[in-house]
1. Considering only segment 318-331, I want to know if a residue exists there that is within 15 Å of ligand 2 (Cβ to nearest atom) and under 14 Å from Trp369 (Cβ atoms).
2. Could you list, in sequence order, the residues of segment 130-170 that are over 24 Å from Gly10 (Cβ atoms) and among the charged types (D, E, K, R)?
3. Applying the selection to segment 376-385, what residues are surrounded by 15 or more Cβ atoms within 10 Å (Cβ to Cβ) and either touching a Gly at 6+ places or on another chain (Cβ under 7 Å) or modelled with pLDDT of 95 or more (or both)?
4. Just to check your reading of the model, which residue among Tyr46, Tyr128 is touching a Pro at 6+ places or on another chain (Cβ under 7 Å), touching a residue at least 12 places away in the same chain (Cβ under 8 Å) and in a loop (DSSP other than H, G, I, E, B)?
5. Restricting segment 335-375 to residues that are of a type in the set (Ser, Thr, Tyr) and either within 14 Å of ligand 2 (Cβ to nearest atom) or loosely packed, with under 14 Cβ neighbours inside 10 Å (or both), which is farthest from Gly51 (Cα to Cα)?
6. If I go through segment 271-306 residue by residue, how many of them are farther than 22 Å from Glu210 by Cβ and outside any loop (DSSP other than H, G, I, E, B)?
7. For segment 193-233, what are the residues that are modelled with pLDDT under 90, surrounded by 19 or more Cβ atoms within 10 Å (Cβ to Cβ) and charged (D, E, K, R)?
8. Looking at Leu243, Leu265, which is the one that is under 22 Å from Leu186 (Cβ atoms), outside any helix (DSSP H, G or I) and in the same structural domain as Arg13 (by TED's automatic domain parsing)?
Amino acid sequence: MENIKRFGFGCMRLPVDENDNINIAETEKMIDYALKNGVNYFDTAYVYHAGKSETVIGEILKKYPRESFMIADKYPGHQICDSYNPEETFNEQLERCKVDYFDYYLLHNINENSIKVYTDEKWGILEYFKEQKRLGKIRHLGFSCHCSTELLKEFLDYCDGAMEFCQIQLNYLDWTLQDGKAKYELLTERNIPVYIMEPLRGGKLATLSEESLNKLKAVRDNATAVEWAFRFLLNLPNVKMILSGMSEFSQIEENIAIFKENIPLNENENKLLLEVAETLKNSVPCTACGYCLKDCPMQLNIPFFISIYNELKIQKAVSVRMRLDGLPQEKQPSACISCGMCTQNCPQKINVPEELNNLNEILGTMPTWAQICEERNKKMKESKK
Ligand code: SF4
Ligand code: SF4
């Protein structure tokens, strides 16, 4: 497969001006450049840029023949708000993007919290979008997720073959940190093509420390950190699309140049990269063995909390917070009573109450998912006025 066809234009971080409004001229320049160079997949969502991402890319792309580009859009079920209903939202999205069908359409962000909405018969989300596919308004139906491998499996079973592709967060750090390897293998086993978001983990993998970079330069002198990250993903045959959200023209130039050159990583380089990933983590060494669970008087999901903590230490991502907020109050990390039973049973001798305390401190500095949704929905309403 020609690698440039595996590169997609993510429209979540379009260039903005000092007031946070999308810089339309710069975005147009980037989209024109993308299409001229063989990049024709544009990934947007109802909530990106408070709804303006869809409007702006629709306005820019309308000068091109419809069959020359592909739009992937997403249904905001994860926003958990009574004001969205599938039919109204879908029609609004078609209108904003100025198209009469979507090439790709995703249920946005399946996770431990949002799955309740996506599988609730009252909303009828899956059935509605299956019907839109039957009517030709959606060419390919899929979903994106930020959930555990177990939940991914559960959701695939629930959909019973209706999902044609799946978008996950994957990069060489999340290969182990977010259990990316297991998710990739599960999807591959089920013949579901993998689409990638956050290949650079929100930019973290684009700027490595000098120490990490020197290790990589010792085997490939001229390769940049960005190049290493993309080439890791290009080595995975079931990765059919790699999205990158770009805010500057220089980023699209750099990315396209990387995808046009076909230089796979060899086995040793791959191994080295995964070793570098380990040094970036500074993780609590939980193996998820579950021995700590049996005597916890509060019946808390300790390995889940530790995996969340390890992620938040690297990046305070809202998608991580969202997964945790699906739990009831009495199952939150704050319900720990510091009895220490877990630590006694832990083969790794992890001081669980202390780590949960650290996790609570981080959570205290972050807005809850409900607050984030409220703020986003407010902005969305304002932008419609
Ligand atoms: S210290 Fe907290 S997490 Fe550990 S067993 Fe006691 S209540 Fe459960
Ligand atoms: S016993 Fe220790 S290593 Fe095992 S899941 Fe619990 S905290 Fe993690």
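1. Scanning segment 318-331 turns up no residue that is within 15 Å of ligand 2 (Cβ to nearest atom) and under 14 Å from Trp369 (Cβ atoms).
2. Correct list: Lys130, Glu131, Arg134, Glu150, Lys153, Glu154, Asp157, Asp160.
3. Correct list: Met380 only.
4. Going through Tyr46, Tyr128 in turn, the sole match is Tyr46.
5. Thr343
6. Total meeting the criteria: 8.
7. Arg201, the sole residue that qualifies.
8. Every option except Leu243 fails the conditions.
The values are calculated or read from the model by the stated rules, or taken from the named source; none is laboratory data. Remember, predicted model here, so these are calculated numbers, not experimental data. Heads up, the Cβs are rebuilt from the backbone with ideal geometry, glycines too, and the neighbour counts pull from every protein chain shown.
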